[in-house]
Amino acid sequence: MERLDKIIAGQCGLTRSQARSRIWAGAVAVDGVTERAIDRKVDASAQSITLDRQPLCYRKYLYIMMNKPMGCVSASRDREERTVIDLLPQEWKRSGVAPAGRLDKDTEGLLILTDDGDFAHRLISPRKGVYKTYIARLDRPADEAAVKAFADGLVLVDGEKCLPAKLEFTQDPNTVRIRICEGKYHQVKRMCAAVGCHVEALRRVSIGSLKLDESLAPGESRLLTEEEMDKLLSGSR
């Protein structure tokens, strides 16, 4: 059971004061009856709640897939830059929703956003072995020595050691597929630099066994399905 104003605020992307104003104005009904008591305790999973006569679809947590575009930052808020949160529908901009891991401003592709902290930690922690796959366009072809360096766990220019990763060739000699299970700052770009290549474009295409929904245009997002959640939680590689 939770206070009605907290439920409305959390589920509808409103501030607590905005939620209270809507309740006081008579815009909220519980089990078909208008409710103006902001502190009423409600079981949102068992009771019917409407805002402006629209049913409230209660979700304890949100799990969102986004096709992140270039030009926005993977952060909850930023004073100067557009963030991935700015791209979400209003009803998903609730407190606590944040990227599970980050993509650089000029990197695009698969990004998961959630307000479930434990779930986010499972995706981010190197100990969980959840591999992220990227397609990188390089300024020059990589060679077999680079493949071995990635597999051995290469050392970055600044001396930082990376866990073993996988670099695979594609039909395009200047394009490679890279799989890592860490999330160091600018890691893919720094790893490529360590083997003498510069990354000209970078796109994340999968996390674990979950692949980016190619029907999502850059900047678009949708909720994960139960099947996709199972892929993220059970298919680490």
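The values are calculated or read from the model by the stated rules, or taken from the named source; none is laboratory data. Predicted, not measured: the structure shown is a model, and the values here were computed from it. Note that we place each Cβ from the backbone using ideal geometry, even for glycine, and neighbour counts take in every protein chain shown. Calculation scope for accessible area: heavy atoms of the full protein, side chains included, ligands and nucleic acids excluded. Shrake-Rupley method; radii C 1.70, N 1.55, O 1.52, S 1.80 Å.
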Using a simple charge model, +1 on the beta-carbon of Lys and Arg, -1 on the beta-carbon of Asp and Glu, nothing else, what dipole does region 164-221 show about its Cα centre, in debye to the nearest 20?
300
Links exceeding 18 Å between C-alpha atoms in this model, out of Lys68/Lys128; Lys132/Lys189; Lys6/Lys60; Lys211/Lys231; Lys189/Lys211, come to Lys68/Lys128; Lys189/Lys211
Which net charge results when you count Lys and Arg as +1 and Asp and Glu as -1 among the other residues whose beta-carbon is under 14 Å from that of Glu91?
+3
Here the FRET efficiency for Arg53 versus Ser215, based on Cβ atoms and R0 = 25 Å and rounded to 0.05, is 0.20
Could you tell me what percent of the accessible area of the chain is made up of carbon and sulfur, with a 1.4 Å probe and every protein chain present?
48
Can you tell me, using C-alpha contacts under 8 Å and at least 6 residues apart, the relative contact order of region 115-237 as a whole percent?
32
Scoring the chain by relative contact order with C-alpha pairs under 8 Å, at least six apart, yields a percentage of 19
Sorted by mean Cβ packing within 10 Å, highest first, what order do the peptides 110-117, 47-54, 19-26 take?
110-117, 19-26, 47-54
Pulled fully out, how much extra length does the chain show between Val33 and Gln18, if you take 0.36 nm times their separation in residues and subtract their Cα-Cα distance?
3.4 nm
With a 4.7 Å Cβ cut-off, tell me which Cys residues in the chain come up empty for a partner.
Cys12, Cys57, Cys72, Cys162, Cys181
If you put +1 on each Lys and Arg Cβ and -1 on each Asp and Glu Cβ, how big is the dipole of the chain around its Cα centre, in Debye rounded to 20?
480
What does the C-alpha gyration tensor say about the overall shape of region 189-237? Classify as rounded when a/c is under 1.5, otherwise prolate if a/b is larger than b/c, or oblate.
oblate
